[in-house]
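Taking it in order: structure first as structure tokens, then the write-up.
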Amino acid sequence: MDELLKEAFAGRRRAIARLISLLEDDEPSAREALARLYLRAGQARIVGVTGPPGSGKSTLILQMAREYRRHGLTVGIIAVDPTSPFSGGALLGDRIRMQALSADPGVFLRSMASRGSLGGLARAVSKVVWALDACGYRRILVETVGTGQAEVDIARLAHTTVVIQVPGLGDDIQALKAGILEIADIVVVNKADLPGAERALSVLRTMLSLSSCPSSGWQPPLLETVAITSEGVSGLIGAVERHMAYLSQSGRLRAREQMRVLGELEEILREELFRRARARWGEARYCQIVQRLMAHQLDPYTAVEELLKDEA
Amino acid sequence: MTRKPYRILIAKPGLDGHDRGAKVIAKALRDGGFEVIYTGLRQTPEMIVEAALQEDVQAIGLSILSGAHMTLVPRIMELLRQQGLGDVLVFVGGIIPDEDIPMLLELGVRGVFGPGTPTDRVVAFIRQELAAQESQWTSC
């Protein structure tokens with residue numbers, strides 16, 4: 001592990017890739033690595049990019065990466081796609097649009113499957129973010145599909161969340177969970193050259209003004225891009241960087257970090273506490289409780305009191 | 001699921017015009033529980049090897065229709081070795097004349113699948129080869 005970390009910190013991409021696999025697979029050896037990665041991490045800025053399928057996310061991320069590279073920043077990209085609940089497999093196709101970046105040693109692109117546990121996804125992604133951060137990538141772009149809770153979780157680990165929409169969704173935009181817009185620090189209408197762009201912009205403008213939070217000090221800008229021609233991309237990068245500056249200057253960065261750290265700590269604590277307690281209770285006792293619950297001989301609250309009484 | 005999914009790269013080196021076959025295999029592998037990184041058309045050997053490296057795949061499936069396999073495959077195998085990826089299992093599918101198969105196997109390719117090979121046979125073969133390699137390592 002020492003060797004592997006040394007190579008990874010020196011920027012050897014094979015070692016970085018191996019390290020990411022160990023973290024993703026939750027290998028026991030990864031625990032030791034996590035400790036060292038976390039201590040080294042903290043320099044990178046993380047941008048979450050989310051939006052429906054067909055919104056051109058991958059192409060937009062490609063252009064964002066190129067723009068960052070023009071400014072001399074190294075870029076890590078994590079592209080997340082859903083695992084099939086039936087087969088456990090996944091089709092990870094984000095590389096198709098981004099393969100042009102593979103010639104650039106300053107870009108590391110990793111495709112990740114959600115592997116079924118949506119709650120655990122954010123944690124798995126955050127480990128990979130730590131790894132890329134610790135290995136020197138200064139901007140980390142995390143791409144997700146944007147269909148639900150997982151995205152909200154991932155938005156918590158990003159400094160800046162960019163939500164992408166496309167024209168032609170019409171009234172479907174209304175169906176676009178207020179949740180998604182709420183997590184947006186920046187909203188982008190991509191494929192802005194298509195008919196319906198004006199309408200999309202106007203609907204989004206209304207929704208944004210309705211959900212605006214005057215106390216927060218940051219009004220999410222509404223931007224237009226045409227990713228395939230890279231039109232609007234430097235404006236998008238400008239907005240991202242402005243948001244990051246705002247976070248630092250306003251003290252929001254610290255507040256968010258604290259929230260994130262607390263959330264993460266508590267989540268891991270909860271899991272570990274439960275795991276240990278469950279091991280102490282033993283399967284037999286646990287199953288017995290479940291049986292009694294099923295037979296309505298016991299209610300869940302009393303069951304918990306019983307289990308915890310032994311802990312005292 | 002007892003083990004983590006295998007990761008496999010499906011790539012089309014060279015100038016093939018369409019990727020129907022590659023997509024069919026990619027989907028079959030996904031349905032077989034693999035995580036498939038699909039890179040699309042017109043990949044250079046360098047792009048393929050770099051992707052394999054970053055994605056830390058256990059196997060690579062090359063789909064070649066153009067007849068350029070005798071230049072593309074040796075180049076890819078060489079690059080893989082150079083990058084320390086000699087352990088990655090390589091399979092080739094597409095239009096490969098029978099007389100070229102022995103040469104490909106000699107280069108280190110693990111299996112060659114012509115058009116019309118049933119996809120479940122391909123998936124089973126790949127899984128078998130990967131499992132065999134894995135048990136080789138764990139028995140050390």
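List of remarks:
- One residue from B:ASP87, B:ASP98 being touching a residue at least 40 places away in the same chain (Cβ under 8 Å), out of contact with any Leu (no Cβ under 7 Å at 6 or more places or on another chain) and either of a type in the set (Gly, Ala, Ser) or exposed (fewer than 15 other Cβ atoms within 10 Å of the Cβ) (or both): B:ASP87
- Of the residues examined, A:ARG66 is not one that is at pLDDT below 90, more than 18 Å from the chain's Cα centre (by Cα) and under 30 Å from A:ALA200 (Cα atoms).
- Check on A:GLY251, surrounded by fewer than 14 Cβ atoms within 10 Å (Cβ to Cβ) and in contact with a Lys or Arg (Cβ under 8 Å, 6 or more places away or on another chain): no
- Just so you know, in region A:81-136 the residues that are at the interface with another protein chain (Cβ under 9 Å from one of its Cβ atoms) and among the basic types (Lys, Arg) include one that is nearest to A:LEU265 (Cα to Cα), and it is A:ARG115.
- Highlighted here are the helices (runs of 4 or more DSSP H) found entirely within region A:1-65 that include at least 3 residues which are away from chain B (no Cβ under 14 Å) and not hydrophobic (A, V, I, L, M, F, W, C): A:28-40.
- Hey, B:VAL123 surrounded by fewer than 15 Cβ atoms within 10 Å (Cβ to Cβ), within 14 Å of another protein chain (Cβ to nearest Cβ), under 15 Å from the mean Cα position of the chain (by Cα) and of a type in the set (A, V, I, L, M, F, W, C) or not: no
- Residue within region B:57-68 that is surrounded by fewer than 21 Cβ atoms within 10 Å (Cβ to Cβ) and without any contact (Cβ under 8 Å) to a residue 12 or more places away in the chain present: no
The values are calculated or read from the model by the stated rules, or taken from the named source; none is laboratory data. Note that the structure is a prediction, hence the values are computed from the model and not measured. Reconstructed Cβ throughout: ideal geometry from the backbone, glycine too, with neighbour counts over all protein chains shown.
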